[in-house]
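Below is one structure, written out as structure tokens; comments come after it.
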Amino acid sequence: MTTLDAKLDRVLGAKTGKALDSALGLVTVGDLLRHYPRRYAERGELTAIAGLELGEHATVLAQVERVSKRTMKSRRGTIVEARITDGHRSLSCTFFNQAWRERELLPGRRGMFAGKVTAFRDQLQLAHPEYQLFDADKTDLGSAAEEFASAVLPVYPAAQGLPSWSIARCVGQVLDVWDGAEDPLPAELRDRMGLADLESALRKIHRPQNFGDVQAAQDRLKWDEALAVQLALAQLRGAAKSHPAPVCRMRDDGVLAAFDQRMPFELTKGQQEIGEQIAADLTTEHPMNRLVQGEVGSGKTVVALRAMLQVVDSGRQAAMLAPTEVLAAQHARSLRELLGDLAMAGELGGAENATRVTLLTGSLNAAQRKKALLEAASGEAGIVVGTHALIQDRVSFADLGLVVVDEQHRFGVEQRDALRARGGDDASPHVLVMTATPIPRTVAMTVYGDLETSALRELPRGRSPISTSVVPVAEKPAWLDRAWARIHEEVAAGHQVYVVCPRIGDDEENPGKGKKKAAKSAVDDSDGGGEEPPPEDGEERRPPLAVLDVAEQLAAGPLAGLRLGILHGRLPADDKDAVMRAFAAGELDVLVATTVIEVGVNVPNATVMVIMDADRFGVSQLHQLRGRVGRGSAPGLCLLVSEAMAGTTTRDRLDAVASTTDGFELARLDLELRREGDILGAAQSGRKSGLKMLSLLRDEDVIAQAREEADRVVGEDPRLRNHVGLARMVAEVVDAERAEYLEKS
Ligand code: ADP
Ligand code: MG
């Protein structure tokens, strides 16, 4: 029997089996059959060369334009160079000491050419090309397509030494002997959804007769992926819900009520609604797992604080986790400010219901740390604020009722799981996750699918609009001078300014993290990391601008006379804190910083942000960054300084950021402009490996349907005991995820 589990080396021979394994990691028949074609070529079609990306391993259908042979002077030997074309642009393929190729690569012949796309002196090349020519007497796909007796030719993701047509041949041999597989989807479900059965889907995806076959196969295979992920998530949600949780009832005589009394502003409608949702969640017997998405400045902190106070009112504790020490310190400070004497339990002047806000970070000295740990363990601290390290360290709480995680995008599923184990007794604490990164619905359903989500879309009244402009220094160098002049005006008007750079500088970046990382992406990731998109070209670029250099140049030149401060992740925590404090107090005019200021930092008097080398940041990161200005009554201005030329994708991304302040719209644009793998990778989801066919951008309907179906199935049969096939699908997803997680850690 040749089943999906059969080993490829048995079916295809040891040599081929080994090649498939080492080049593409394919070991079983199932692995190979799920190595889906990347695209399909139509009879007579040529691949658009303009669409190729540098550095990718490409398979190109093209026509030989001309071929030439010359002798190398330095060494004895020949070079054959063939230029192949799609009718518009051409690519060069070079062969060393293979003179006979000149006789084969005759102008006018068509075929498939494969290799890594490189550039040499403005000329695109295929490095170490391999090719398969179509029959000379046929003008179209000829022999390559004959094998499939069809007009649609699959083009596979290939690797050096294993071109698409070799993969196709292997797939063909496997399909000829494959005995099929039992379909994990119940027939009833397939009928209801109009889905093909698994065997025919797998056959058609590789050997389609026409594009209708491709569509039918994709529909089915996408559905499998969507359903498996959603079933896994539905089970996670179910399991989380099955734990007991601390029930935290509202009181009208507690610290929350006292706080509401004196709140300096009125809650927005969104804050009220989400507040009520959360308040209700906290009174149930099962843990809340809620994600609140809210634009930068939408007032998530107050929402979180009110939830924490409700927990404190029931005699329990709340922990608030921030991604960086700077942010944790700032949170502690702003919570104390908001609470006033309500945070002064045990101190002189403390209010009657008062609690205590304790800051617990890695940079405390031994005595401070001991005191903080004691306050957490004794229950004296109603609210403990710290970095994510809080959950890794063995900090013990008297009775932890709620964990608030700020800025979720830096916080993975595994860490969330670790949290659930932190409650007292057998209970799991409630979890409230907050993010300012708007998450497209499909990503929310897939990556954060174990959480219920709510969105805070409206900004508090009195918030000022932020306008954003690109400063294209390559085309308009004078604009940069105008930007610095603008900063002088702004400071003269009593406002403050951020200048953000992608790198710290002084080049002992990330000692111990290895050279590769420092050279590749020099973003200051001592605080959790930037999300620099991969460079568009494979060429070396100059290193990104650095805080230390830029600060020195500004102080000596364009911004001479202003009070400049420096902030980055490599400063000792005390210094960071001191700088932030000085800036907040208005003792500094300009703060030159890395992305440490990306999240949460709140200085309402700051009105302008200049982002240097803006193209080195991701779209959502830029959006986050600019949210630091315009937080007071004066309008905010964000200047994106970049050398990126008009018309490049890089520039398009910046223009997109400048064009809208709607985070949800931006998230969608971002998803479009980036490769999806990056999105899942950046979200640290670990779900990447499960999704080969499903697109988070285009398959919203499928995902939503699958979620509904998964909820129904898991609702009736939580452990999938009566759905063996489905249980197997889920196990595969979970295994893939676990494997990837292990790889990462
Ligand atoms: P974010 O959602 O980005 O974390 P914050 O919670 O830091 O935003 O809130 C930004 C600012 O808006 C803070 O100064 C906060 O006190 C203020 N704020 C929050 N809610 C309101 C409101 N309903 N009305 C007016 N100001 C508010
Ligand atoms: Mg915040």
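FYI, it's all coordinate maths here, none of it is from the lab. Predicted model only: the values in this text are computed from it and were never measured. All Cβ positions, even for glycine, are placed from backbone atoms using ideal geometry, and neighbour counts span all protein chains on display.
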For region 320-389, take the alpha-carbon Rg, divide it by the Kirkwood Rh, and send me Rg/Rh.
0.96
Could you let me know the centre-to-centre spacing of region 577-599 and region 328-394, using Cα atoms, in angstrom?
23
With θ set to phi - 60° and the Karplus curve 6.51 cos²θ - 1.76 cosθ + 1.60, what are the ³J(HN,Hα) couplings of region 199-208 in order, to the nearest whole Hz, using x for Gly and Pro?
4, 5, 5, 5, 5, 6, 5, 9, 10, x
At 0.36 nm per residue, and after removing the present C-alpha to C-alpha distance, how many nm does the segment from residue 478 to residue 100 gain when stretched out fully?
130.4 nm
So for R0 = 56 Å, FRET eff. of residue 50-residue 573 from the Cβ-Cβ r, to 0.05, ends up at 0.65
Checked region 8-179 with the C-alpha gyration tensor, a ≥ b ≥ c its square-rooted eigenvalues, rounded below a/c of 1.5, otherwise prolate if a/b is larger than b/c and oblate if not; verdict prolate
Determine the principal axes of the Cα atoms in region 224-383, then give the extent along each, sorted from largest to smallest and rounded to whole angstroms.
61, 39, 32
